[in-house]
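*Asks:* Have a look at the structure that comes next, please.
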Amino acid sequence: MVKMCAVFRSEKTPDALEDPEFGHIALRRHASARYVRLRMNDDGSLTVTLPRFAGLRHAEDLIESSRAQIRKWRVKYVKKLTVFNDGDRVGRSHTVKFTPAPRPSISVATHGLVITVSHPETLFHTDPKVQKALKPHLEKALQKEARAYLPRRLKHLAETYGFSYVRVRYGTQKGRWGSCSSSGTISLNVGLMLLDPELIDYVLIHELCHTKQMNHSDKFWALVQSCLPDYKARRKVLKSRHPTL
């Protein structure tokens, strides 16, 4: 996070700035803020937080002086994303189709098992704006597939290896593939449907083992190994993947 200290004067500011390089940048005022702060959000957007009486000029100056740092943030952000190309499979049955068109806006629609993205000819399909527009439709498709596949697979693995759980929940957790609560609720990231079956099984077994060992102790890993002797190899591959869509 970048910080800048300044003497502030009262000035009414808009809710956002439009930067020629970085586009829409949200402005937020916070009564307890002492500095002008700039951050990149989980979705790749930028937000400047201002003290109550900070002038717009301070936000503009901070953005200008932080351009090199913002570019580095953007590179890291894009590397974290799963970038989809034309014809890519999404989950087990959906596919993505990108269509450049002479239009200024991006539109996305799902027809059956095909997610079609129409984007301006001036943008590559790999542009973060295009990929971001695709995300809600990806989540919907993966949610549908996750509900159809994961409960059956989890139940099968639980019965095979002698585990029990209370219920299953689905979401798009930003930092994890799954989790297990002390009450026996297993939460699964719908992004699991982007993984190979053996990696999905590793995550499901991992969470099932937490129903008996709510930790990562030697006993926990021994339990995982009793179910999946090659779990270390699967875990190593999974570490190269990121649950952020």
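*Asks:* Of the residues 70, 25, only one is touching a strand residue (DSSP E or B) at 6+ places or on another chain (Cβ under 6 Å), surrounded by 17 or more Cβ atoms within 10 Å (Cβ to Cβ) and modelled with pLDDT of 85 or more; which?
*Replies:* Testing whether each residue is touching a strand residue (DSSP E or B) at 6+ places or on another chain (Cβ under 6 Å), surrounded by 17 or more Cβ atoms within 10 Å (Cβ to Cβ) and modelled with pLDDT of 85 or more leaves just 25.
*Asks:* State all residues of segment 31-53 that are on the phi < 0 side of the Ramachandran plot and either at pLDDT below 85 or not in a strand (DSSP E or B) (or both); if no residue qualifies, say none.
*Replies:* 31, 32, 33, 34, 35, 41, 42, 43, 45, 52, 53
*Asks:* Those residues that are in contact (Cβ under 8 Å) with a residue 40 or more places away in the chain and among the hydroxyl-bearing types (Ser, Thr, Tyr), I need them from segment 165-220; list them, please.
*Replies:* Those that are in contact (Cβ under 8 Å) with a residue 40 or more places away in the chain and among the hydroxyl-bearing types (Ser, Thr, Tyr): 165, 172, 211.
*Asks:* If you don't mind, another one. Pick from 116, 126, 122: which is of a type outside the set (A, V, I, L, M) and part of a strand (DSSP E or B)?
*Replies:* Only one candidate qualifies: 116.
*Asks:* Looking at (1) at pLDDT below 90; (2) touching a Lys or Arg at 6+ places or on another chain (Cβ under 9 Å), which one does residue 132 not meet, given that it meets all the others?
*Replies:* That leaves (2) as the condition not met.
*Asks:* Something else now. Select from segment 219-245 the residues that are among the charged types (D, E, K, R) and farther than 23 Å from residue 173 by Cβ and write down the one among them that is surrounded by the fewest Cβ atoms within 10 Å (Cβ to Cβ).
*Replies:* Looking at the filtered set, the residue picked out is 230.
Rundown of residues vs (1) modelled with pLDDT of 95 or more; (2) more than 30 Å from residue 21 (Cβ to Cβ); (3) in contact with a Cys (Cβ under 7 Å, 6 or more places away or on another chain), yes/no style:
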position	(1), (2), (3)
126	no, no, no
162	yes, yes, no
174	no, no, no
194	no, yes, no
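*Asks:* OK, next. Quick one: which of 188, 204 is closer than 30 Å to residue 88 by Cβ, in a strand (DSSP E or B) and touching a strand residue (DSSP E or B) at 6+ places or on another chain (Cβ under 8 Å)?
*Replies:* So the residue among 188, 204 that is closer than 30 Å to residue 88 by Cβ, in a strand (DSSP E or B) and touching a strand residue (DSSP E or B) at 6+ places or on another chain (Cβ under 8 Å) is 188.
*Asks:* For residue 161, only one of the following conditions fails: (1) over 27 Å from residue 41 (Cα atoms); (2) surrounded by 15 or more Cβ atoms within 10 Å (Cβ to Cβ); (3) touching a residue at least 60 places away in the same chain (Cβ under 8 Å). What is its number?
*Replies:* (2)
*Asks:* Does residue 99 satisfy being surrounded by fewer than 14 Cβ atoms within 10 Å (Cβ to Cβ), touching a strand residue (DSSP E or B) at 6+ places or on another chain (Cβ under 8 Å) and among the hydroxyl-bearing types (Ser, Thr, Tyr)?
*Replies:* In short, yes.
*Asks:* Regarding residue 173, is this residue closer than 29 Å to residue 137 by Cα and of a type outside the set (Asp, Glu)?
*Replies:* The answer is yes for residue 173.
*Asks:* Related question: In segment 129-146, is there at least one residue being farther than 13 Å from residue 193 by Cβ and in a strand (DSSP E or B)?
*Replies:* So far as segment 129-146 goes, no, none of its residues is farther than 13 Å from residue 193 by Cβ and in a strand (DSSP E or B).
Rundown of residues vs (1) touching a strand residue (DSSP E or B) at 6+ places or on another chain (Cβ under 7 Å); (2) among the polar types (S, T, N, Q), yes/no style:
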position: 132; (1), (2): no, no
position: 143; (1), (2): yes, yes
position: 161; (1), (2): no, no
position: 165; (1), (2): yes, no
position: 195; (1), (2): no, no
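The values are calculated or read from the model by the stated rules, or taken from the named source; none is laboratory data. Only a predicted model underlies this, so the values are computations on that prediction, with no experimental measurement involved. Because the Cβ atoms are built from the backbone with ideal geometry, glycine has one as well, and the counts that use them run over all protein chains shown.
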